[in-house]
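Enquirer: Dropping the structure in here first, questions after.
The values are calculated or read from the model by the stated rules, or taken from the named source; none is laboratory data. The shown structure was predicted, so the numbers you read here are calculated from the model rather than taken from an experiment. Every residue, glycine as well, gets a Cβ built from its backbone with ideal geometry; the counts of neighbours run over all protein chains shown.
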Amino acid sequence: YLLRIFAARAAAELERKRAMTSLEHLNRALEIKIEERTKALEITQEAVDWAADCVFLVRPDSSFYYANNTACAKLGYSREELQALSVIDINPTVSLERWINLWQKIKQQPTWILESLHQSKDGCIYPVEIKARYLELDGEEYSFAFVRDITERKQSEQIIRQQAEREKLLREVTQKISQSLDIQAIFDTACVGIREFMEVDRVAIFQFDSDSGYNNGTFVAESVKVGLDSVLAKRVYDHSFGKNYAKLYCEGKYLAIDDIYNPELSPCHIEILEQFQIRANLVIPVSLQQRLWGLLCIHQCIEARHWQEEQVDLSQQLANQLAIAIHQAHLFEQLQQQLSH
């Protein structure tokens, strides 16, 4: 009987030790999994913290629960400062009312993508692309958002768009020349197109009097912003132009003045420009067979303006097209005179 009792106790002890060993193995396996999960979370956290894009975790009231290092650096805030702010504080296009509508859209769509604006601490506003996703974690609602600065993309799009508009304008003027010998209609088309494309206050075409030695002439076409004086049919007398500037323009030189009130201009020159409310001036020669016919004049009247290289290039191309149109009109006029005799 005693042997049976000892045997039962021994068996129970053995079973207990086996159970303890199994539990130890299970605990160790669990510890390893926890360590692996913790390591994975640390790696994930590190990756998110230093992701190339800004990453935000946003609460339903638009406040920030989390912002990564990239977001802090891009916006110029410390993490503590940024987590005390909200979407409304960094996005000038979002009001409280608009945020409420946005939040509902985010909840309704698996992933929501839009373009918007962000404003950094120093006041700089730049375009962004936002990819937002709705999340529920531990019973709490969030929007998980990736935000990318798309300034370079927008600049490239603007360059492409301007190039397309520039080519369209050249095409319209060229088509007008090929379809019509109405030189006034061609002038008007060019003036309107240039003013709209370059967003300037006035574009005018000036023709020299043939016997004036390039000192006198008249504005023969114009497109002008509402509220500014018209120069159409106005006479200009500049008795120094023929002597000092005509040769340069005949050689293809152009004049670009960002502000007439700079020390390089003479008082006499400033006085002439002031008569036409000109503050900044771009003047391109229109020449026929090495002879100066007139000038393509582009005026900014309200404020100073820097003339970009692309604008000068476009103006020169259009001046060349105008010269072709004038030459064609002269040939047609000569032909009519010959036929009438």
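Enquirer: Taking Leu181 as the residue in question, decide whether it is farther than 30 Å from Lys107 by Cα, in contact with a helix residue (DSSP H, G or I) (Cβ under 7 Å, 6 or more places away or on another chain) and outside any helix (DSSP H, G or I).
Expert: yes
Enquirer: With Gln300, Gln275, Gln311 as the choices, which residue is within 20 Å of Val220 (Cα to Cα), touching a strand residue (DSSP E or B) at 6+ places or on another chain (Cβ under 9 Å) and at pLDDT 90 or above?
Expert: After applying the criteria, what remains is Gln300.
Enquirer: Considering only residues that are more than 20 Å from Leu265 (Cα to Cα), among the polar types (S, T, N, Q) and touching a helix residue (DSSP H, G or I) at 6+ places or on another chain (Cβ under 9 Å), which ones fall in segment 217-254?
Expert: Passing the criteria: only Ser223.
Enquirer: Just one of Glu42, Glu46, Glu24 is farther than 30 Å from Ile150 by Cα, at pLDDT below 70, of a type in the set (Asp, Glu) and in a helix (DSSP H, G or I); which is it?
Expert: Exactly one residue qualifies, and that residue is Glu24.
Enquirer: Can you tell me how many residues within segment 200-218 are of a type outside the set (Asp, Glu) and without any contact (Cβ under 8 Å) to a residue 24 or more places away in the chain?
Expert: Residues meeting the conditions: 3.
Enquirer: Taking segment 298-312 as the search range and keeping residues that are touching a helix residue (DSSP H, G or I) at 6+ places or on another chain (Cβ under 9 Å) and assigned to a helix (DSSP H, G or I), which one is surrounded by the fewest Cβ atoms within 10 Å (Cβ to Cβ)?
Expert: Filtering segment 298-312 for residues that are touching a helix residue (DSSP H, G or I) at 6+ places or on another chain (Cβ under 9 Å) and assigned to a helix (DSSP H, G or I), the one surrounded by the fewest Cβ atoms within 10 Å (Cβ to Cβ) comes out as Glu310.
Enquirer: Answer with yes or no whether Ala329 is at pLDDT 85 or above and within 24 Å of Lys176 (Cα to Cα).
Expert: No, not satisfied.
Enquirer: For segment 112-162, give me each residue that is among the β-branched types (Val, Ile, Thr), assigned to a helix (DSSP H, G or I) and under 20 Å from Ala51 (Cβ atoms).
Expert: Scanning segment 112-162 gives a single hit, Thr151.
Enquirer: Out of (1) modelled with pLDDT of 90 or more; (2) crowded, with 18+ Cβ neighbours inside 10 Å, the odd one out for Asp259 is which?
Expert: (2)
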